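Here is the structure we will look at.
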Amino acid sequence: MDDVPSIKAFELPLSVKSNEPVNGEYRLLVLAAPRDILKRCRAGQFFHLLCPQAGGETPYLRRPMSIYGFYPEKGELHFLYKVTGAGTRALASLALGDRLNVLGPLGEPFTIADDWQDLVLVARGVGLATLAPLALEANRLGRRLTAICSARHPDYLMSTDYFASLGADVITLTDAEGTSDLDNLERVIEGLVATGRADAFYTCGSNRMLRLLQTIGERHGIPGQIALEQQMACGIGMCHCCVRPFNRGDRQVHLRVCREGPVFDMMEAIAW
Amino acid sequence: MDDVPSIKAFELPLSVKSNEPVNGEYRLLVLAAPRDILKRCRAGQFFHLLCPQAGGETPYLRRPMSIYGFYPEKGELHFLYKVTGAGTRALASLALGDRLNVLGPLGEPFTIADDWQDLVLVARGVGLATLAPLALEANRLGRRLTAICSARHPDYLMSTDYFASLGADVITLTDAEGTSDLDNLERVIEGLVATGRADAFYTCGSNRMLRLLQTIGERHGIPGQIALEQQMACGIGMCHCCVRPFNRGDRQVHLRVCREGPVFDMMEAIAW
Amino acid sequence: MVDLSVDISGLKLKNPIMPASGTFSEDLAEVFDLDRLGAHVTKTITRGWRDGNPTPRVCEVNGSMLNSIGIPSKGVGAFIEKVVPFYAHYETPLVVSISGNTADEFATLCSEVSVPGVAAIEVNISCPNIEEDGKAFAIRPSSTHDVMRKLRAATDLPLWAKLTPNTGETSEVARAAEEAGADALVVANTILSMAIDINTRRPKLGNLMGGLSGPSLKPIALRMAYQCARATSIPVIGCGGISTVEDVIEYLIAGASAVQVGTATFIHPTIMLSLIDGLEDWLSNQGLSSVKDLIGTVIDGEQDEAVVFMEAAP
Amino acid sequence: MVDLSVDISGLKLKNPIMPASGTFSEDLAEVFDLDRLGAHVTKTITRGWRDGNPTPRVCEVNGSMLNSIGIPSKGVGAFIEKVVPFYAHYETPLVVSISGNTADEFATLCSEVSVPGVAAIEVNISCPNIEEDGKAFAIRPSSTHDVMRKLRAATDLPLWAKLTPNTGETSEVARAAEEAGADALVVANTILSMAIDINTRRPKLGNLMGGLSGPSLKPIALRMAYQCARATSIPVIGCGGISTVEDVIEYLIAGASAVQVGTATFIHPTIMLSLIDGLEDWLSNQGLSSVKDLIGTVIDGEQDEAVVFMEAAP
Ligand SMILES: Cc1cc2nc3c(=O)[nH]c(=O)nc-3n(C[C@H](O)[C@H](O)[C@H](O)COP(=O)(O)OP(=O)(O)OC[C@H]3O[C@@H](n4cnc5c(N)ncnc54)[C@H](O)[C@@H]3O)c2cc1C
Ligand SMILES: Cc1cc2nc3c(=O)[nH]c(=O)nc-3n(C[C@H](O)[C@H](O)[C@H](O)COP(=O)(O)OP(=O)(O)OC[C@H]3O[C@@H](n4cnc5c(N)ncnc54)[C@H](O)[C@@H]3O)c2cc1C
Ligand SMILES: Cc1cc2nc3c(=O)[nH]c(=O)nc-3n(C[C@H](O)[C@H](O)[C@H](O)COP(=O)(O)O)c2cc1C
Ligand SMILES: Cc1cc2nc3c(=O)[nH]c(=O)nc-3n(C[C@H](O)[C@H](O)[C@H](O)COP(=O)(O)O)c2cc1C
Ligand code: FES
Ligand code: FES
């Protein structure tokens, strides 16, 4: 029996090391995880979490959550999440020592091509959770990284210290300061392009940012990758519920966010 | 708007004062309850308990439970229960201060006719939970009570001290000692009849005991009452799921255990 | 002040919340003031005496329940003598649920219960009947049409037809009932189900099989309520799995003009009151002055008939 | 040693646990060794390319789910080229699920997929089809019979007919499939349902409605599996809401010779392995040496046909 795929995704009950608010909107969940699982993790991949019963609610389907950090040395797996509904409310109820059943690592990670020396990461809100581990990888590979972090208010900016500690240039834009509008974002990015600091873009989530980056990318021939979200049932490619349309040549194709993604070619992605 | 029934049953979230094992098989649940509700309680009535989610199980329907004790002075409502399935397992998980949603008091209580001076109570196992408050009532009315308590083993005899403290004569019969067989029970009861100590019988639950008491009752013209069990949905008479057959004259009628019962005329009851 | 009143083909209800047949009775008056309800709906009665099914008659299944009560009935005489006068103490209109083994017996009963004090008749055409090899009338459009015509001829009172989910022809059955003169549709009754005790290997219900009700039924009954509202122009009364105010709102948005609450009353006997209050609060928070502004407001785009009226999962 | 093997009309399976169509694919090989399963059942394919339905394609309902995936398909060519060879690496037999818009197209596909490496063909006659005004073939006995006859003529491989719960004629449909040559019945597919987001007032599924699967479906599908086992003499493969070993046992007692596990795999991708192990343990604790000794052992007394084959809740 050759040619049979090897086992890559694992269903594991992991125990909670901590689960604390990061600011008003986000929480950081730290799980104790086996080293060999952590070594398989890559930036951009996700886990599919089986949220517990809590407060009379019983979330049924698993919830996909990007790997925010994976630390084989410490044996830790980190998730940064925003409480939005029954599943994330249940996650927020987890206490030290509780078990959380996770499935992963899943999906295709970000890639950094050999000739991408200067990376630009553009993120807003919880998108930071997805992009943060990319900074670690860029650092490991000795690439330069500019992290453009956008938020409603300076208080809600997260991970900027983290990016800075990994040697990234951090640019913060906030609604409160009036610096996060698209026009300003375009000026900032064009500035990076002009100074040769943009070989590739990495982004996720926001429709408007995607459109802007696609325009700039096309203008200057700069490639990029985007991490996308879609509702998921199985998380491993079986059910086809998580598809999104993409442009491939002159055809539109449907690809599974859990399987061909969640990281896709930025130019092929279709704004929604 | 006259002739409209008055409110008699209440849906209330009560808080747990204690919930301790009584012996290997039974637990005593003590709830804090409002005085006016407790004053409405009568021996033989029951509450319908909304068991919580526990250990991944979610009991759906309410569970009927006899009033084991009601103490308006102390503001306490007692249940004695045996853990048998999902609902009672969930009850066992209740801790001090937890809330339990109860509905009641429900059903028709035991009655003690004016000319019943010498009462005989025959109970086995969890049936004691149902018959115990009758002892209190007998004591209040100044009637003499003989409590015949049967169990698998002397360790599982419950409430005998309680009966004794209310002035009852307590007779214990156990399988372990070989005293609980029907023949012996019959001898014991006939002894009571012979000495004029049996104006009425009270029992519950066991088929074989019912048959025996009906035979003895018929033989000597002694009346009695029996508390019966049946699966329940609504608990208040609406759904007709809890019926049992009874002999009424030469007809068989179906009566609702939650409404016409759980206490019925012993002679009309049909062994099953 | 939010206006909660709705109009079911001429019968005005002060609010759209009423009990489902078989999950309500005079006994509930010992728990709360029944005059707060939009309508009173009785357990189905038959003409003659009936015993109902063997016990056990209920069991739990995964956060919902099965029942095979059957239709124990004291007969129409006892009903008119005892039950109708009881409800005369209330202002809330009385809806009497009836059933029959044959279309003619059904129609006779229909005229017999058309007495003062009865505001509308709910015809339970969703339990097995002997003329149709054990199928409910409401499984097929043709048998629905036949029985509804006879029932229509038997009374001048408003006729509510209660449909079954045990069919592959929901829209056709709904249209047949409308054509034959139904004034409203109650959607729906329970769906035939089974549970077996693996230790004893016996069915958990004495009658082998029974009807599923409670939360598990909701997505099915909601779909039917939507389809019936789109298929006909008579009011639809949604029923199935309602246990929260969100469920009520979902049915109203789907096109139901009112709802019936069944199993949830077994879990929380006062739930209908909470639903009335909760609906009023929600409407007022949304700035809506009348519940009528919510009914049928589902945004279903330009779906073609083939999708709206499909009968199997895509 | 407990013998878990079962025989589905000549096709021997090493155990009675297999995936349900649409909830399984090659991708699961990255989670566990697929050779442990009793059979492999593919997602339904169509002859030509299909895109599937608009998103969102799934939503949660009260501990269960709705889906309106539709049948995205790369067509039969790609299937035979890529998918069939993949499964050739395994000993477990491959069951291919197919569907068609018309009976003739369906039959053509049936003969096209009758290739080496395919052990049986599951015909999904439970999704809406255009010849029957959007009804699934399996809603009616007549359309079931017609399509099954053509399918039967198109292949010599074992034919499994997958039935729908969206019918009021379960037993008749089962008998029609048997008469027309089905070798086994898969009971059942999802039941048409709906959910609406009350905040946006939009259906939660892009396709308006979808199929209910998971625990809520179990009592309905179990009832159908029981009825089909009683109505026919071909093997029944139970499917619907199975998520514990007790569920598997319940289906087997009801008369199913094997079971398919769908939605539960989304919750626990390795659940089928636990079910195989759990079944073996349970049988051995009960002192049973073969799973065959469990099949159909429900104690249903002397129920008359009218009760066994009834189609509405009593
Ligand atoms: C690959 C991927 C990575 C993600 N990473 C993160 C992360 O690192 N941090 C974070 O806070 N969130 C992340 N999300 C979004 C996260 O999955 C949702 O916020 C979460 O599922 C919401 O569940 P709920 O029960 O709290 O909300 P509800 O709205 O009650 O959820 C209802 C259903 O919709 C689904 N759903 C709701 N929102 C989303 C969404 N945005 N994407 C996919 N499914 C959704 C849920 O999974 C559930 O099935 C990610 C999503 C994807 C697809
Ligand atoms: C009027 C009345 C008074 C009762 N008083 C007591 C008491 O004081 N102490 C005590 O320990 N038990 C008492 N019982 C029995 C008690 O209701 C059951 O033990 C309990 O419902 C079991 O629930 P479960 O979920 O633990 O068991 P499961 O077996 O999982 O229950 C499954 C279903 O069957 C029902 N059921 C199971 N056994 C019984 C039963 N014997 N009677 C009625 N329904 C049943 C449950 O309510 C539930 O709906 C009484 C029953 C009745 C009818
Ligand atoms: C115990 C019980 C008895 C019922 N009896 C009847 C009945 O006599 N007539 C009828 O039309 N429906 C009857 N039903 C069905 C309900 O009226 C209702 O249609 C169904 O339970 C779905 O609603 P729910 O999920 O809110 O309970 C009964 C349901 C239950 C649970
Ligand atoms: C996401 C999803 C996709 C499905 N696709 C198909 C399909 O292509 N063909 C089919 O016959 N059944 C399909 N089904 C139905 C399942 O095979 C099964 O009959 C149903 O889900 C009930 O089983 P369950 O409750 O174990 O999931 C699908 C079910 C789900 C949840
Ligand atoms: S979530 Fe199932 S295929 Fe992506
Ligand atoms: S439990 Fe409903 S009538 Fe007794």
Here the tail fraction of P(r) beyond 33 Å, over all Cα-Cα pairs of chain B, rounds in percent to 20
Over 15 Å [Cα-Cα, the stretch A:196-272], rounded percent: 54
Output the peptides C:298-309, C:5-16 sorted from most to least packed, where packing is the average of other Cβ atoms within 10 Å over each peptide's residues. C:5-16, C:298-309
Rounded to two decimals, the Debye log10 I(q)/I(0) of the stretch C:151-190 (Cα scatterers, no solvent) at q = 0.21, 0.31 Å⁻¹ is -0.62, -1.08
Among A:12, A:96, A:106, determine the one that fluctuates most according to a GNM of chain A built with springs between C-alpha atoms less than 10 Å apart. A:96
If you rotate chain A onto chain B, the residue of A with its Cβ nearest that axis, and the gap in whole angstrom, comes out as A:53, 3
Can you work out which chain D residue has the shortest Cβ-to-axis distance for the rotation that carries D onto C, and give it in Å? D:216, 2
Taking a ≥ b ≥ c as the square roots of the Cα gyration tensor eigenvalues, with a/c under 1.5 meaning rounded and otherwise prolate when a/b beats b/c or oblate if not, the stretch D:204-280 comes out oblate
If I compute solvent accessible area with a 1.4 Å probe over the protein chains, what percent of it on the protein assembly as shown is carbon and sulfur? 48
Sort C:39-46, A:13-20 by the packing proxy (mean of other Cβ within 10 Å over each peptide's residues), most packed first. C:39-46, A:13-20
For the stretch D:65-113, compute Rg over Rh where Rg is the Cα radius of gyration and Rh is the Kirkwood radius from the inverse mean 1/r over Cα pairs. 1.02
Would you tell me the mean number of C-beta atoms belonging to other protein chains that fall within 10 Å of each C-beta in C:22-35, as a whole number? 5
In whole angstrom, and with the biggest value first, how far do the Cα coordinates of the protein assembly as shown range along each principal axis? 109, 71, 63
homo-copy label distances at residue D:233 (7 angstrom along Cα-Cβ), nm, one dp, ascending, are 5.5
Rounded to two decimals, the Debye log10 I(q)/I(0) of the stretch A:86-169 (Cα scatterers, no solvent) at q = 0.20 Å⁻¹ is -1.00
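Would you please classify the overall shape of chain C from the alpha carbon gyration tensor, given that a ≥ b ≥ c denote the square roots of the eigenvalues, rounded means a/c under 1.5, and beyond that prolate means a/b larger than b/c while oblate covers the rest?
It is rounded, given that a/c, with a ≥ b ≥ c, falls under 1.5.
Go through B:190-200, B:141-151 and give me the packing order, highest mean Cβ count within 10 Å leading. It would help to have the intermediate numbers written out before the result.
Values: B:190-200: 15.8, B:141-151: 20.1.
Ranking, from highest mean packing down: B:141-151, B:190-200.
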For the stretch C:112-152, build the convex hull from the C-alpha positions and give me its volume per residue in Å³. 77
What are the principal axis extents of the Cα atoms in the stretch C:59-143, in Å, biggest first? 37, 37, 22
Helix A:182-194: inclination vs chain A longest Cα principal axis, degrees, rounded to 10, gives 70
Let me confirm one metric for peptide D:168-179, namely the mean number of other chain beta-carbon atoms within 10 Å of its residues' beta-carbons. 2
Can you give the angle from 0 to 90° between the axis of helix A:127-141 and the longest principal axis of chain A, with both taken from C-alpha atoms, to the nearest 10? 70
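Calculate the mean, over all residues of peptide C:249-260, of how many other protein chain Cβ atoms lie within 10 angstrom of the residue's Cβ.
Averaged over the peptide's residues, the number is 2.
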So, how do all the Cα-to-Cα distances of the stretch A:116-263 break down into 10 Å bins, in percent, from 0 on up? 11, 38, 34, 15, 1
Ranking by accessible area, most exposed first, for D:152, A:40 with a 1.4 Å probe: A:40, D:152
List, shortest first and in nm to one decimal, how far the label point of residue A:89 (7 Å from Cα along Cα→Cβ) is from its counterparts in the other copies. 2.6
Considering protein heavy atoms only and a 1.4 Å probe radius, which residues within the stretch B:1-29 exhibit an accessible-area decrease of no less than 20 Å² in the full assembly relative to the chain by itself? B:1, B:3, B:4, B:5, B:7, B:8, B:9, B:11
Can you tell me the alpha carbon radius of gyration of the stretch A:150-198 divided by the globular rule-of-thumb value 2.2 N^0.38 Å? 1.21
For the protein assembly as shown, what does the accessible surface come to per residue with a 1.4 Å probe? Please give it in Å². 35
For the pair D and A, total buried accessible area rounded to nearest 100 Å², probe 1.4 Å: 3000
Only Cα pairs within less than 10 Å get springs; with that Gaussian network setup on chain B, which residue of B:253, B:243, B:102 has the largest fluctuation? B:253
Label spacing, shortest first and in nm, from residue C:75 to its equivalents in the remaining copies (7 angstrom along Cα→Cβ): 7.2
Can you return the aspartates and glutamates within cross-link range of residue A:82? Criterion is Cα-Cα under 17 Å, with same-chain partners fewer than 8 residues away left out. A:20, A:25, A:155, A:229
Looking only at aspartates and glutamates whose Cα falls under 15 Å of residue C:218's and that sit 8 or more positions away or on another chain, we get C:246, C:247, C:250, D:60, D:197
For chain C, the helices passing both cut-offs (Cα extent along own axis of 15 Å or more, Kyte-Doolittle mean at least 0.5, full DSSP H runs) are C:271-285
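For the stretch C:25-100, rounded, prolate or oblate, judged on the Cα gyration tensor with a ≥ b ≥ c (square roots of eigenvalues), a/c < 1.5 rounded, else prolate if a/b > b/c?
It is oblate, given that a/c is not under 1.5 and a/b is not larger than b/c.
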Over the C-alpha atoms of the stretch C:77-191, what are the Rg and the largest Cα-to-Cα span, Dmax, in Å? 13.8, 42
Taking N as the number of residues in the stretch C:148-219, what is its alpha-carbon radius of gyration divided by 2.2 N^0.38 Å? 1.48
Computed over the Cα atoms of the stretch C:184-314, the Rg and Dmax in Å are 16.9, 56
What do you get for Rg/Rh of the stretch D:1-129 when both radii come from the Cα atoms and Rh is the Kirkwood radius? 0.98
With the 8 Å Cα cutoff and a minimum separation of six or more residues, chain C has a relative contact order in percent of 19
Please report, to two decimal places, log10 I(q)/I(0) for the stretch B:14-113 at q = 0.16 Å⁻¹ as given by the Debye formula with identical point scatterers on the Cα atoms and no solvent. -0.64
Cα centroid separation - the stretch B:220-246 against the stretch B:124-176, whole Å: 22
Of all the Cα-Cα pairs you can form in the stretch D:11-58, what percent are over 13 Å apart? 66
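The values are calculated or read from the model by the stated rules, or taken from the named source; none is laboratory data. Every value quoted in this text rests on a predicted model; they were computed, and no experiment measured them. Note: ideal-geometry Cβ built from the backbone for every residue, glycine included; neighbour counts use all protein chains shown. Side chains included, ligands, DNA and RNA excluded: accessible areas come from the protein's heavy atoms. Shrake-Rupley method; radii C 1.70, N 1.55, O 1.52, S 1.80 Å.
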